[in-house]
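The values are calculated or read from the model by the stated rules, or taken from the named source; none is laboratory data. Being a predicted model, the structure only gives us computed values, none of them experimental. A quick note on method: Cβ atoms are made from the backbone with ideal geometry, for glycine too, and the neighbour counts reach across all protein chains shown.
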Ligand code: UD1
């Protein structure tokens with residue numbers, strides 16, 4: 001059944017909200033469990049649909065997965081022999097399924113992983129993933145919609161320089177290299193905290209990895225890895241969402257479990273715009289100053305730059321800020337779906353190539369809007385909070401992919417938000 005959020009604007013969000021483990025780490029850690037026979041336990045796993053899909057994919061490969069969304073614990077019992085085919089049906093539902101590629105080639109010497117379709121935020125290649133595995137000695141080709149990788153005699157370490165610090169490619173090369181013969185150096189590696197988290201898990205499994213979190217990762221392959229227990233790194237994008245929610249609604253939110261050191265670029269921008277940002281013993285707090293906050297320019301970049309996943313929130317923020325701002329998207333093409341929906345709420349924003357020019361208005365005006373992906377959906381909800389009257393945000397299933405019980409967290413901060421069935425004209 002389709003659902004939507006009904007939002008009445010006007011509240012300044014205030015209070016505490018907790019963030020749990022990062023979606024974009026938990027999924028990769030689950031895939032990496034394939035590298036070791038036995039029971040790997042992950043804690044602090046978010047209660048979101050994507051985890052259920054990844055669990056399904058791993059089960060299809062022979063893994064016994066026990067996932068308890070309430071406690072946030074996933075136990076993965078990996079058999080001695082695992083399958084090697086990731087079905088299109090599952091990969092289509094979850095693009096992050098591609099992260100089984102590295103572990104499968106390393107562990108079984110072969111992997112057939114369906115090539116994911118776009119997930120409505122622009123085209124995303126797999127060329128760097130494929131080139132990395134080829135450099136490690138695997139043969140890689142695409143056949144009938146599947147990326148087929150084979151390394152019947154195992155992988156061999158080498159030096160790989162990534163043309164672009166792709167998060168997914170860095171992860172697949174890293175998870176393949178840990179069982180390769182000899183040393184692998186990944187140069188121009190992605191530096192996201194989720195990469196460090198993955199490396200921490202791998203080291204806990206007995207892998208030899210140094211430099212994760214910098215642009216040069218060095219891996220000395222080992223023969224076998226053992227299962228371990230690991231807590232997922234807190235979700236910096238969820239934490240950043242709450243930081244923008246505080247600023248946009250001119251509120252005051254303490255993000256429990258939030259890591260300010262993983263959000264330096266966005267928090268510095270909010271501070272310059274007039275917010276107080278404070279690291280507390282339990283996380284961090286963002287409090288808006290009096291009056292309208294200042295508009296600010298944003299250009300998304302690989303970590304530690306401004307995260308592309310927070311870009312829709314920056315647009316929603318600037319839509320009601322004082323002044324004008326340019327928001328530039330450097331990572332993904334066509335990732336501006338928030339803009340046309342924000343315009344329905346009365347925002348003054350125009351797309352020009354990979355830029356959006358936003359002129360702040362004092363208040364938005366409630367209307368029905370449609371979310372098209374996780375972040376743009378959550379950004380529209382925040383925009384609804386600074387819109388006069390009622391806003392209906394359809395496509396809640398997108399938001400549920402990234403934010404466990406989003407409306408409950410918002411209500412805890414004083415928002416008037418409810419979930420209800422959506423009317424669907426196509427249903428009969
Ligand atoms: C991950 C995150 C996503 C985030 C992104 C950038 C997950 C599940 N998703 O996606 O939320 O927005 O990092 O921080 O963790 N590219 C190529 N060839 C490749 C690989 C990537 O050209 O082989 C390009 C893509 O088209 C894109 C850019 O590199 O333009 C960034 O992609 P990448 O860093 O790989 O992001 P993901 O790992 O897909």
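Can you give me the number of residues within segment 75-91 that are away from the ligand (no atom under 16 Å from the Cβ) and part of a strand (DSSP E or B)? Don't jump to the end; show me each part of the working.
In the first step, residues of segment 75-91 are kept if they are away from the ligand (no atom under 16 Å from the Cβ); the result is 75-85, 87-89.
From what is left, the residues that are part of a strand (DSSP E or B) are 75-78, 85.
Of the residues in that region, 5 qualify.
For the subset of segment 271-286 comprising residues that are under 26 Å from residue 326 (Cβ atoms) and touching a residue at least 40 places away in the same chain (Cβ under 8 Å), which member is surrounded by the fewest Cβ atoms within 10 Å (Cβ to Cβ)?
Selected residue: 273.
How many residues are under 30 Å from residue 161 (Cα atoms) and part of a strand (DSSP E or B) when one looks only at segment 215-230?
Total satisfying the criteria: 6.
Taking the stated definitions as given, is residue 71 touching a strand residue (DSSP E or B) at 6+ places or on another chain (Cβ under 9 Å) and assigned to a loop (DSSP other than H, G, I, E, B)?
Spelling it out, residue 71 is indeed touching a strand residue (DSSP E or B) at 6+ places or on another chain (Cβ under 9 Å) and assigned to a loop (DSSP other than H, G, I, E, B).
Tell me yes or no: at least one residue of segment 395-412 is free of Cβ contacts under 8 Å to residues at least 24 places away in the same chain, in a loop (DSSP other than H, G, I, E, B), more than 18 Å from the chain's Cα centre (by Cα) and surrounded by fewer than 15 Cβ atoms within 10 Å (Cβ to Cβ). Steps first, answer last, please.
First, the residues of segment 395-412 that are free of Cβ contacts under 8 Å to residues at least 24 places away in the same chain: 408, 411.
Subsequent filtering for residues that are in a loop (DSSP other than H, G, I, E, B) retains none.
Looking through segment 395-412, none of the residues is free of Cβ contacts under 8 Å to residues at least 24 places away in the same chain, in a loop (DSSP other than H, G, I, E, B), more than 18 Å from the chain's Cα centre (by Cα) and surrounded by fewer than 15 Cβ atoms within 10 Å (Cβ to Cβ).
State whether the residues of segment 99-117 include one that is within 23 Å of residue 25 (Cβ to Cβ), within 12 Å of the ligand (Cβ to nearest atom), modelled with pLDDT of 95 or more and out of contact with any strand residue (DSSP E or B) (no Cβ under 9 Å at 6 or more places or on another chain).
So far as segment 99-117 goes, yes, one or more of its residues are within 23 Å of residue 25 (Cβ to Cβ), within 12 Å of the ligand (Cβ to nearest atom), modelled with pLDDT of 95 or more and out of contact with any strand residue (DSSP E or B) (no Cβ under 9 Å at 6 or more places or on another chain).
Hey, among the residues in segment 356-381 that are surrounded by fewer than 24 Cβ atoms within 10 Å (Cβ to Cβ) and out of contact with any strand residue (DSSP E or B) (no Cβ under 8 Å at 6 or more places or on another chain), which one's farthest from residue 420 (Cα to Cα)?
Only one residue tops the list, namely 362.
Here's the yes/no breakdown for (1) at pLDDT below 95; (2) within 16 Å of the ligand (Cβ to nearest atom):
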| residue | (1), (2) |
| --- | --- |
| 328 | no, yes |
| 332 | yes, yes |
| 344 | no, no |
| 356 | no, no |
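Against the condition touching a residue at least 60 places away in the same chain (Cβ under 8 Å) and in contact with a strand residue (DSSP E or B) (Cβ under 9 Å, 6 or more places away or on another chain), how does residue 63 come out, does it pass? Before you say what the answer is, go through the steps one by one.
Values: touching a residue at least 60 places away in the same chain (Cβ under 8 Å): no; in contact with a strand residue (DSSP E or B) (Cβ under 9 Å, 6 or more places away or on another chain): yes.
No.
Which of (1) surrounded by fewer than 19 Cβ atoms within 10 Å (Cβ to Cβ); (2) not in a loop (DSSP other than H, G, I, E, B) does residue 62 not meet, given it meets every other one?
The failed condition is (2).
Scan (1) surrounded by fewer than 20 Cβ atoms within 10 Å (Cβ to Cβ); (2) near the ligand (Cβ under 9 Å from one of its atoms) for the single condition residue 203 breaks and write down its number.
Against the list (1) surrounded by fewer than 20 Cβ atoms within 10 Å (Cβ to Cβ); (2) near the ligand (Cβ under 9 Å from one of its atoms), residue 203 comes up short only on (2).
Go through the residues of segment 182-196 one by one and say whether even a single one is more than 15 Å from the ligand (Cβ to nearest atom) and under 21 Å from residue 76 (Cβ atoms).
There is no residue in segment 182-196 that is more than 15 Å from the ligand (Cβ to nearest atom) and under 21 Å from residue 76 (Cβ atoms).
Would you confirm, using the coordinates I've provided, whether residue 172 is under 27 Å from residue 208 (Cβ atoms) and crowded, with 22+ Cβ neighbours inside 10 Å?
On the way: under 27 Å from residue 208 (Cβ atoms): yes; crowded, with 22+ Cβ neighbours inside 10 Å: yes.
Criteria met by residue 172.
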